[in-house]
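*Asks:* One structure follows; several queries about it will come next.
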Amino acid sequence: MTHRSAVVFMTLFVSLSGCAKDRSLAPPADSEQMTITVKVPDELKARTLEAMYRSATCKRITHGASGQRIELQGYHGIEVQLEQQGESDLYQVRLPMDGGGACQWHLSNVTFGVAYVDPGRFGESVTYGTGGGVVVMFDNNRPSRSPGLPKKVDGDLIIKKDYYPWLSETFLGGYKKDINLAGEGSGYFFYKAVHARQIYFEPVLHSRYAVRSEGAKVHKVGSYMKFIYPDGSIAANGHYRPDFRKLQAIRQAAENK
């Protein structure tokens, strides 16, 4: 861990622990390190990484429906910025697996990913929406963001995924226009990698093959979100996300001409 990263890391934990000094992070010098590397395309940026540490020593107390006392593992969540590696497109952070301290913290899960640097270039008032995220858990505690069941991986984790720009307009409940990253699945890839110490994520952005969607303008049976694909085809079949396989097929057909 660089000196700068270490200072930021420790400051974040101290600020979160507040006056409860016994809950602060104190990673031992010989702690194993989790290295997370993201290869970031030109139009995107590395999102702030969220790391969750848990402790079986410092419990948190809750109560069940009938008032019974329930003890759960304590937790500390922090946010860390990935740092650019020289002049390259690689961004990286190193986290101690052993958080140490009186609570004997251990790294439980991380959430990270990519997003558009400048959503406004897609139009006035366009904001970033969804997509481009990764969640990795290192123990049996489910993260707060748990998109389905995790894919189990032995050893280190290498993730390379295709993405397409998805410009979405919605009208009901107030007009909104988002730029999203359309990929396979629901927007977050979810893994369980207990033995991983290296995670590499490479999102591949196919900017030339953008898909647009227009939401229904009235509440009406059979009125669905409409998708306009890069080849001009239109689909309105009740789905709320673009057809990833269709996007792949359109791109591959164009590239094979």
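FYI, it's all coordinate maths here, none of it is from the lab. Here the structure is a predicted model, which means the values were calculated and not measured. Cβ atoms come from the backbone with ideal geometry, glycine included; neighbour counts cover every protein chain shown.
*Asks:* Under the 0.36 nm per residue contour assumption, what length would be gained going from the current alpha-carbon distance of VAL204 and SER223 to full extension?
*Replies:* Values: separation 19, 0.36 × 19 = 6.84 nm, distance 3.32 nm.
The span from VAL204 to SER223 would gain 3.5 nm if fully extended.
*Asks:* Let me ask you something else. Any of LYS160/LYS217; LYS59/LYS161; LYS39/LYS246 with alpha carbons more than 29 Å apart? Name them for me. Please list the in-between numbers first.
*Replies:* Numbers: LYS160/LYS217 37 Å; LYS59/LYS161 38 Å; LYS39/LYS246 25 Å.
Flagged as over cut-off: LYS160/LYS217; LYS59/LYS161.
*Asks:* Any chance you could list P(r) for the stretch 124-175, counting all Cα-Cα pairs in 5 angstrom bins from zero, rounded to whole %?
*Replies:* Calculated over all Cα pairs of the stretch 124-175, the distribution is 4, 10, 21, 17, 14, 14, 10, 7, 3, 1 percent.
*Asks:* What whole-number distance in Å separates the alpha-carbon centres of the stretch 45-103 and the stretch 161-192?
*Replies:* The stretch 45-103 and the stretch 161-192 have Cα centres separated by 26 Å.
*Asks:* If you add up the charges near GLU87, with Lys and Arg at +1 and Asp and Glu at -1, over every other residue whose beta carbon is less than 15 angstrom from its beta carbon, what do you get?
*Replies:* Details: positive: LYS39; negative: ASP42, GLU83, ASP89.
Net local charge, GLU87 excluded: -2.
*Asks:* Moving on. For the stretch 58-70, take each phi angle, set θ = phi - 60°, evaluate the Karplus expression 6.51 cos²θ - 1.76 cosθ + 1.60, and give the result in whole Hz per residue in order, putting x for glycine and proline.
*Replies:* Values per residue, Gly and Pro as x: 8, 7, 10, 10, 9, 9, x, 4, 9, x, 5, 6, 10 Hz.
*Asks:* Would you mind putting 146-152, 125-131, 179-185 in packing order, based on average other-beta-carbon counts within 10 Å, highest first?
*Replies:* The peptides rank, most packed first, as 179-185, 125-131, 146-152.
*Asks:* Local charge sum around TRP105 (other residues, Cβ-Cβ under 11 Å, Lys/Arg +1, Asp/Glu -1)?
*Replies:* Values: positive: ARG23, ARG54; negative: ASP98.
Once all neighbours under 11 Å are counted, the net charge is +1.
*Asks:* Now for a different question. Express in nm, to one decimal, how much length is gained between ILE158 and LEU72 on full extension, taking 0.36 nm for each residue of separation and deducting their alpha carbon distance. Present the calculation step by step, with values, prior to reporting the outcome.
*Replies:* Working: separation 86, 0.36 × 86 = 30.96 nm, distance 3.18 nm.
This chain segment gains 27.8 nm when fully extended.
*Asks:* What is the angle, in °, between the Cα long axis of helix 3-17 and the longest principal axis of the Cα atoms in the chain? Nearest 10 is fine, range 0 to 90.
*Replies:* 80
*Asks:* Let me ask you something else. Per Stokes-Einstein, at 4 °C and 1.567 mPa s, what whole-number D in µm² s⁻¹ belongs to the stretch 34-135, with the Kirkwood radius over Cα pairs as the hydrodynamic radius? The partial results should precede the final answer.
*Replies:* Values: Rh = 16.1 Å.
For these conditions, the coefficient is 80 µm²/s.
*Asks:* Residue by residue, what Karplus-based ³J(HN,Hα) values in Hz, rounded to whole numbers, does the stretch 71-77 have, using 6.51, -1.76 and 1.60 with θ = phi - 60° and x for Gly and Pro?
*Replies:* Here the 3J(HN,Hα) series is 9, 10, 4, x, 8, 10, x Hz.
*Asks:* Applying the Karplus parametrisation 6.51 cos²θ - 1.76 cosθ + 1.60 with θ = phi - 60° to the phi angles of the stretch 230-235, what ³J(HN,Hα) value in whole Hz is obtained for each residue in order, glycine and proline being reported as x?
*Replies:* The phi angles translate into x, 8, x, 6, 10, 9 Hz.
*Asks:* Tell me, rounded to the nearest percent, the portion of alpha carbon pairs in the chain spaced more than 30 Å apart. Write down the numbers at each step before the final one.
*Replies:* On the way: 12973 of 32896 pairs.
Roughly 39 percent, once rounded to a whole number.
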